[in-house]
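As C-alpha cells, the structure follows; a few thoughts come after it.
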Amino acid sequence: MKKLLFAAVIVLTPFIARAQYFWDFGVGVGGSNYLGEMGGKQLTRRDFVMDIKMKETRQAVNGFARYKISPQFSIKGNLSYACIRGADSLCTNEPRYWRNLNFRNQMFELSAECQYFFYEINDLGHTYRYRNNFRAYIGLGIGGLYHNPKGNFNGTWIALRPLETENVRYTKVTLTIPATAGFYFTVNKHYRIGWCIDWRTTFSDYLDDASTFYVQNTVPGAAAVADRTNHAAANAWGAQNSNPGFGNNFGYQTWTDSDGNVHLNKRGDPTHNDSFITTSVEFSYVIRGKSSIYKSHYSYMFKGKKYKHRKVRAKF
C-alpha cells in the first residue's frame, strides 16, 4: 500500500507543485467617485453611475492579500483609502445648483470578499510550461468604512459632523457591501497585473453630510454651513423663470400643503443611502507555499530533495 502511495505522489508531484501558489500580496492605484445627494445633470437623482460627475474623480489606493481556496474561488482582504468629493456648483439641475452645498470625504475601509473566477486561460501562449495565465472574476464581500466629511466654507475645509447640520450626530463608521469585477494576468508564475472595479453600497446616507431636511440648528455656526443658498439670487432667477419665491425653497422654512400638513424644506434624499465606486490597476506578487498533502502525510518518504529510504534488517 505504501509503495502505491509513493508512486502516486511521484506521478502527482507536478500537479501538486502547480497548486502550491496559494497566496498573492499586492497594491492597487486608481480613482474614486460617489453617488449621493450631490452631482448629476439636469434630471433628478438617478441610480448607479448616472449621477456621477467625472470632474470630481479623486485618488484611491489599496493594499491586499488574496488566498486561493479552490480552483474557482479565492478570498481577498483589502485595506483601502479613497477620497470622494461633490459640489452643487457643478450641477445643472436648478434645485441642486441653488442649494450650493459641497463636501470632501477621505475614507478608510477594511473589507473581505469572496471572488469567483468564471473564465481562465491556464497557459497563455501555449508554452506547456504553465508559467503565464489569465483569470477573470466577480466578487462580493463585506467591509467597515471610516469617514469624516468636510465642507469648504469661505475657503476653509471644516468638519461637518460636529456641526450636526441636520440635527443628526451620525457615526463615523459604517458597513459597506463591496461588489467587484476584474481580471489579472500572471507572468512567470510570480507576478500579477490586473484591473478591477469596486462598487460599494454603504449603510449611511451621510458620506456627503446631506440626507433629510433643513432644520433649526442650535450649534454655533451650523446654520450658515447648512444653508449655503444665495436666496436673493435664487429668487431673482425664479422670477425670471416663472417661479416666484423660488429662493424660499431652501433653508429652514416651513410650508403647508393643501391638506393642512406642515413640511420642512428638503435638503437631501433619505430614501437612498450613499455609495461610491473605485477603479484601480493592481500589482501583486505570488508566494509559493508548500503542499500540506505530502508534508503532513508523506514526510517519511522525503528528506529535503532526496528520498528517505527505510532501513530494513536482513533476515537469515
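The values are calculated or read from the model by the stated rules, or taken from the named source; none is laboratory data. Being a predicted model, the structure only gives us computed values, none of them experimental. As a convention, Cβ positions derive from the backbone with ideal geometry for all residues, glycine included, and neighbour counts pool all protein chains shown. The area values use the complete protein model at the heavy-atom level, side chains included, leaving out ligands, DNA and RNA. Shrake-Rupley method; radii C 1.70, N 1.55, O 1.52, S 1.80 Å.
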Per residue of the stretch 71-77, what does 6.51 cos²θ - 1.76 cosθ + 1.60 with θ = phi - 60° give for ³J(HN,Hα)? Whole Hz please, x for Gly and Pro, Karplus curve as stated.
x, 9, 10, 9, 10, 10, x
Counting only heavy atoms of protein chains, what accessible area per residue, in Å², does the stretch 73-113 have with a probe of 1.4 Å?
38 Å²
Vicinal HN-Hα couplings computed from phi for the stretch 107-123 (Karplus, 6.51 cos²θ - 1.76 cosθ + 1.60; Hz; Gly/Pro x):
10, 10, 9, 10, 9, 9, 9, 9, 10, 10, 8, 9, 8, 8, 10, 7, 9
Quote the FRET efficiency, to the nearest 0.05, computed for Tyr128 versus Val173 with a Förster distance R0 of 51 Å and r equal to the Cβ-Cβ distance.
0.50
Full extension from Ile193 to Gln253: what is 0.36 nm times the residue separation minus their Cα-Cα distance, to one decimal in nm?
16.1 nm
Highest to lowest packing among 209-222, 117-130, 191-204, 144-157, scored as the average C-beta count within 10 Å
191-204, 209-222, 144-157, 117-130
Solvent-accessible heavy-atom area per residue, rounded to whole Å², over the stretch 180-262 at 1.4 Å
52 Å²
In whole percent, how big is the carbon plus sulfur part of the accessible area of the stretch 167-300, probe 1.4 Å, protein atoms only?
57 percent
Which entries in Lys41/Lys172; Lys53/Lys76; Lys53/Lys150; Lys76/Lys150; Lys55/Lys172 show an alpha-carbon gap greater than 24 Å?
Lys41/Lys172; Lys53/Lys76; Lys76/Lys150; Lys55/Lys172
Heads up, I need the accessible area for Leu163: 1.4 angstrom probe, whole protein in place, Å², nearest 10.
30 Å²
Between rounded, prolate and oblate, where does the stretch 131-184 land on the alpha carbon gyration tensor, with a ≥ b ≥ c its root eigenvalues, rounded for a/c under 1.5, else prolate if a/b exceeds b/c?
prolate
Whole-Hz ³J(HN,Hα) from phi, Karplus 6.51 cos²θ - 1.76 cosθ + 1.60, for the stretch 93-101, glycine and proline x
7, 4, x, 5, 4, 6, 4, 6, 8
Pop the C-beta distance of Leu140 and Ala236 into the FRET formula with R0 = 35 Å and round what comes out to the nearest 0.05.
0.10
